[in-house]
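The values are calculated or read from the model by the stated rules, or taken from the named source; none is laboratory data. Here the structure is a predicted model, which means the values were calculated and not measured. A quick note on method: Cβ atoms are made from the backbone with ideal geometry, for glycine too, and the neighbour counts reach across all protein chains shown.
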Amino acid sequence: MTASGWRDDIQALRGWAVLFVVLFHTGLGIAPSGFVGVDIFFVVSGYLITGNVVRERNAGTLRIGRFYQRRIRRLWPAAFVTLLATTLAAALLLTPTAQARFWQQLVGALTFSTNVALWRQINYFHDSAALEPLLHFWSLAVEEQYYLLLPVTLLLVPHRWWPAMVAAVTLASLAAFLWLYPWSPGAAFYLLPTRAWELGIGSLVACMPVRGRVQRLAYRTAPGLAAIVLTVPFMALPTAAAYWLTLPACAATAGLLAAARPIGPRGAVAGWLGDRSYAIYLVHWPPIAFAHAIWLGNSPPAWVAILLCTAGIGVGAVLHGLVERPCLRLPLSRWWWAALIAGSAIIAVTGALAPRLTGNAIARVDLQPVTGLPGAACDGSRTTFDPACRTGPAPRLLLWGDSFSQHLVPGLQATTDVAFAQASKGGCPPLPGLAPVDMQASVAVARGCIAFGDSVLSWLAHTPSVEVVMLSGSYLRYTWPGVRVLRRDGSLKPPNADQLAAAQRDMVARVRRMGKRVVLVAAPPQSAFDVGQCQERRVHHLLLAGAPTDCAITPANRLAGSDWLAALMARFARDGTPVVQLAPGLCRSDGICPTAWAGRPLWVEGKHLTRTGSIVVARRLGLGAHAWELAR
C-alpha cells in the first residue's frame with residue numbers, strides 16, 4: 001500500500017472482478033466462467049480486512065466494537081437501499097410462490113446468512129437459480145461471517161502464531177472443500193467452512209508480507225499473473241470443469257497482491273469500476289433476476305441483457321456517489337446500531353406487508369412438486385433401495401426411476417388397485433451401471449446412483465411377487481451442456497445414444513430373465529419456459545414474456561433436445577422396451593399442449609407434472625391398466 005493506504009492495483013482488480021461477474025450474469029456467453037470474479041473478490045477482501053486488523057493490532061488500536069461499526073458503515077447503507085428497493089420490486093413482479101423463497105433470502109440478508117438460506121433452497125448453477133433476486137447476497141454473507149470471526153480470532157491468538165494459524169485454517173478449509181464437493185456441491189459452494197480458504201489466501205498474504213527475492217519475483221511475474229486473472233473468466237469450458245478455474249484465479253490474485261505492482265493509472269476504467277464495485281455488485285443482479293422471472297426462467301433477449309448490464313453499472317455508480325461515499329464520511333457513533341436495527345425492521349416489515357398491499361398473495365396457485373409415496377423409506381436420499389416404500393405387503397409392480405417416476409405416483413394410484421413399490425432416487429435415471437455427472441451431481445453422487453440401481457436389481461431378483469417393472473426417467477438430462485456419464489468401471493465419458501440404448505437393452509434382458517415384464521413411461525412434453533410460473537403470473541396479472549399468453553406448450557417452444565429424446569424413446573421401443581407416451585393425454589392432435597385443467601396447472605415448472613397433471617393424464621390414458629397390458 002501507499003502511505004495513504006491506497007493501492008490502485010487493488011482497485012483495478014476489484015474493477016475487473018465486478019466486470020467479470022456482471023458479464024457472466026448477462027447470460028450472453030461473453031464471460032462463461034465469469035463467476036470467478038467472486039473468488040477474486042474473496043481473496044482481495046481477505047487481504048484488505050486482515051491487513052487492517054494486523055496494522056491496528058500491532059499499533060495497539062484494535063477495538064472490536066469499532067471494527068464492526070466500520071464494517072456496518074462500509075456495507076450497510078448501500079445494502080439497505082438495495083434490499084428495500086428489491087423488496088418493493090419483488091412485491092410487484094414476483095408470484096406468491098417466488099415471494100415465499102424471496103422472504104427466506106431476505107431474512108438471510110438481514111442476518112448475514114443468505115448463503116445458508118440459498119443452500120437449503122437451490123443449486124447456484126441450476127437454471128432456476130437465475131430467478132432469485134438475492135442470489136448474489138450469498139457471497140456477501142460469506143464475507144460478513146468471515147469478518148465476524150477474524151478480528152476475535154486474531155485477538156485470541158498470539159501474534160507470532162498468526163501466519164501459522166491462518167495457513168492452517170486456509171489449508172483445512174481447502175481440504176474440506178475438496179472432500180465435501182463430490183458429496184454435496186451445494187454445501188461446498190455456499191458455506192463459510194468450505195469457502196474460507198479463498199479469503200484465507202488473502203489473509204495469508206497480509207499476515208506474511210513478502211520481502212526481498214520473493215517480492216522481486218512476484219513483481220516480475222505480475223504481468224503473467226494478471227494475464228491469468230484476466231483470461232480465466234473467458235475460458236469456454238464445460239461448467240463442471242470450469243469451476244476448478246477458481247484455484248488458478250485465486251492463486252494469481254494472491255500473487256498480484258504480493259507484487260503490489262500498479263496495473264494502470266488511477267483514472268483507468270478498471271479503477272473507476274473498482275471504486276464502485278461494491279455498489280455495482282449489489283444492484284446489478286436483482287433487475288436481471290426479475291427479467292428472468294418475466295421471461296419464465298429463460299434469459300431475456302440480448303438487447304434487454306445489454307440494457308440491464310449497462311443500467312446496473314450506472315445505477316451502481318449513482319448508489320456509490322449518493323449513498324456509499326457520503327455514509328463513509330459520517331462519524332462513528334451509537335446511532336449506527338440504532339440505524340441498523342431500524343433499517344432491518346423497515347425492510348422486514350416491507351417484505352412481509354408489500355405482497356398483501358399489492359394483492360399478489362390472493363388466489364395462490366398450487367405448484368407443489370410431486371415427491372411420490374410418503375414416508376422416510378421413499379425420500380430417495382439413500383444409495384440403496386428401501387423395500388418399505390410400497391403400497392401393499394406383496395407389490396406386483398415396481399415403479400423405478402428418478403423424479404419423473406415420482407410424479408407418476410398420483411396418476412398410478414388413481415388408475416390401478418395393484419399394489420406397487422416405488423424405487424425413486426432424484427437425478428438417477430433408471431439405467432443401471434450409468435449415471436450423469438455435472439454441476440448438480442458430482443462423481444460421488446453418480447456412484448450413489450449406480451449403487452442404488454444395483455440394489456433395485458438385487459431386490460427384484462429376490463421378490464417373486466413383482467410381475468411388472470415400470471421405468472421412467474429424465475433421459476434428456478444426458479444432453480445438457482457439460483454432462484458426462486460415469487460407468488460402473490469408473491470411466492467418465494461424454495454421453496451418446498448408443499451407450500444409453502445398450503444399457504437399456506442389458507437391463508431389460510436382465511429383468512426379463514427374472515421372469516418379469518417391463519414397460520417404460522416417457523416424460524411428458526417438456527417446455528423451454530417455466531409453465532407453472534407462467535400460469536401463476538397469468539392468475540395474478542403480472543408481466544409475462546417468452547411464452548404464449550395461454551402458457552401452452554407448442555412444437556416451437558419445447559425444450560431443446562425434445563427431438564433427440566423422441567428418437568431415443570423410439571429406439572428403446574425398437575429394441576424391445578414398450579413405451580407409453582404421455583403426450584396423447586396432454587396434447588391436441590396439432591401438437592399444442594394446454595397446461596392447465598379447470599384453472600389448475602398441469603406442470604410444476606417446464607418438466608414435471610403437478611399432482612393434478614399426473615391424475616389428469618393418467619385417467620385420460622388409463623395409465624395403470626394400459627401400462628400393465630403393454631408391458632412385456
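Picking from residues in segment 100-113 that are without any contact (Cβ under 8 Å) to a residue 24 or more places away in the chain and either touching a Pro at 6+ places or on another chain (Cβ under 7 Å) or within 20 Å of residue 536 (Cβ to Cβ) (or both), the one that is surrounded by the most Cβ atoms within 10 Å (Cβ to Cβ) is 104.
Reported count of residues in segment 57-70, each being surrounded by 15 or more Cβ atoms within 10 Å (Cβ to Cβ) and either touching a Lys or Arg at 6+ places or on another chain (Cβ under 8 Å) or of a type in the set (Gly, Ala, Ser) (or both), is 0.
Which of the residues that make up segment 427-456 are outside any helix (DSSP H, G or I) and closer than 14 Å to residue 399 by Cβ? Working first, answer last.
The initial filter retains those residues of segment 427-456 that are outside any helix (DSSP H, G or I), namely 427-442.
Those that are outside any helix (DSSP H, G or I) and closer than 14 Å to residue 399 by Cβ: 428, 429, 430.
Answer yes if at least one residue in segment 36-45 is assigned to a helix (DSSP H, G or I) and farther than 30 Å from residue 481 by Cβ, and no otherwise. Taking every residue of segment 36-45 in turn, at least one turns out to be assigned to a helix (DSSP H, G or I) and farther than 30 Å from residue 481 by Cβ. The set of residues in segment 459-491 being aromatic (Phe, Trp, Tyr) and closer than 16 Å to residue 510 by Cβ consists of 459 alone. Within segment 312-362, the set of residues being among the polar types (S, T, N, Q), assigned to a helix (DSSP H, G or I) and modelled with pLDDT under 70 comprises just one member, 358.
From the residues in segment 543-556 that are in contact (Cβ under 8 Å) with a residue 12 or more places away in the chain and surrounded by fewer than 18 Cβ atoms within 10 Å (Cβ to Cβ), which one is farthest from residue 131 (Cα to Cα)? Checked segment 543-556; the qualifying residue farthest from residue 131 (Cα to Cα) is 555.
The selection criterion, being surrounded by fewer than 21 Cβ atoms within 10 Å (Cβ to Cβ), within 26 Å of residue 529 (Cβ to Cβ), among the hydroxyl-bearing types (Ser, Thr, Tyr) and touching a helix residue (DSSP H, G or I) at 6+ places or on another chain (Cβ under 7 Å), holds for residue 97. Put simply, of 435, 502, 421, 441 the only residue that is assigned by TED's automatic domain parsing to the domain that holds residue 387, more than 27 Å from the chain's Cα centre (by Cα) and either closer than 15 Å to residue 402 by Cβ or surrounded by fewer than 23 Cβ atoms within 10 Å (Cβ to Cβ) (or both) is 502.
Do any helices (runs of 4 or more DSSP H) lying entirely in segment 205-307 carry at least 2 residues that are closer than 30 Å to residue 185 by Cβ, modelled with pLDDT of 90 or more and in the same structural domain as residue 174 (by TED's automatic domain parsing), and which ones are they?
The helices (runs of 4 or more DSSP H) meeting that bar are 246-259, 277-294.
If the condition is being farther than 15 Å from residue 536 by Cα, without any contact (Cβ under 8 Å) to a residue 24 or more places away in the chain and part of a loop (DSSP other than H, G, I, E, B), then segment 571-614 contributes 588, 589, 590.
When segment 504-544 is filtered for residues that are in contact with a Pro (Cβ under 7 Å, 6 or more places away or on another chain), more than 22 Å from residue 367 (Cα to Cα) and in a helix (DSSP H, G or I), only 507 remains. With respect to residue 14, is the statement that it is out of contact with any His (no Cβ under 9 Å at 6 or more places or on another chain), crowded, with 18+ Cβ neighbours inside 10 Å, at pLDDT below 90 and assigned to a helix (DSSP H, G or I) true? For residue 14, the condition - out of contact with any His (no Cβ under 9 Å at 6 or more places or on another chain), crowded, with 18+ Cβ neighbours inside 10 Å, at pLDDT below 90 and assigned to a helix (DSSP H, G or I) - is not met.
Can you work out which of the residues in segment 114-131 that are in contact with a helix residue (DSSP H, G or I) (Cβ under 6 Å, 6 or more places away or on another chain), part of a loop (DSSP other than H, G, I, E, B) and not aromatic (Phe, Trp, Tyr) is surrounded by the fewest Cβ atoms within 10 Å (Cβ to Cβ)? In this case the residue turns out to be 123.
Would you mind stating whether residue 279 is surrounded by 18 or more Cβ atoms within 10 Å (Cβ to Cβ), of a type in the set (Gly, Ala, Ser) and over 20 Å from residue 17 (Cβ atoms)? Judged against the criteria, residue 279 is not a match. Take residue 587 and tell me if it is surrounded by fewer than 21 Cβ atoms within 10 Å (Cβ to Cβ), touching a Cys at 6+ places or on another chain (Cβ under 6 Å) and either among the charged types (D, E, K, R) or in the same structural domain as residue 404 (by TED's automatic domain parsing) (or both). Yes; evaluated as a whole, the condition is true for this residue.
When 70, 55 are checked against the criterion of being out of contact with any Cys (no Cβ under 6 Å at 6 or more places or on another chain), free of Cβ contacts under 8 Å to residues at least 12 places away in the same chain and in a helix (DSSP H, G or I), 55 stands alone in meeting it. Just to be sure before I move on: is residue 472 polar (S, T, N, Q) and in contact (Cβ under 8 Å) with a residue 12 or more places away in the chain in the structure I sent? The answer is yes for residue 472. Scan segment 376-395 residue by residue and report those that are modelled with pLDDT of 90 or more and assigned to a loop (DSSP other than H, G, I, E, B). Matches in segment 376-395: 384, 385, 386, 387, 388, 389, 391, 392, 393, 394, 395.
Taking only segment 457-485 into account, find how many residues are part of a strand (DSSP E or B) and over 26 Å from residue 421 (Cβ atoms). Break it down stepwise before answering.
Initial filter on segment 457-485 (part of a strand (DSSP E or B)): 468-472, 484-485.
In the following step, the residues that additionally are over 26 Å from residue 421 (Cβ atoms) were identified as 484-485.
Residues in segment 457-485 being part of a strand (DSSP E or B) and over 26 Å from residue 421 (Cβ atoms): 2 in total.
Here residue 59 does not qualify as of a type in the set (Gly, Ala, Ser) and modelled with pLDDT of 85 or more.
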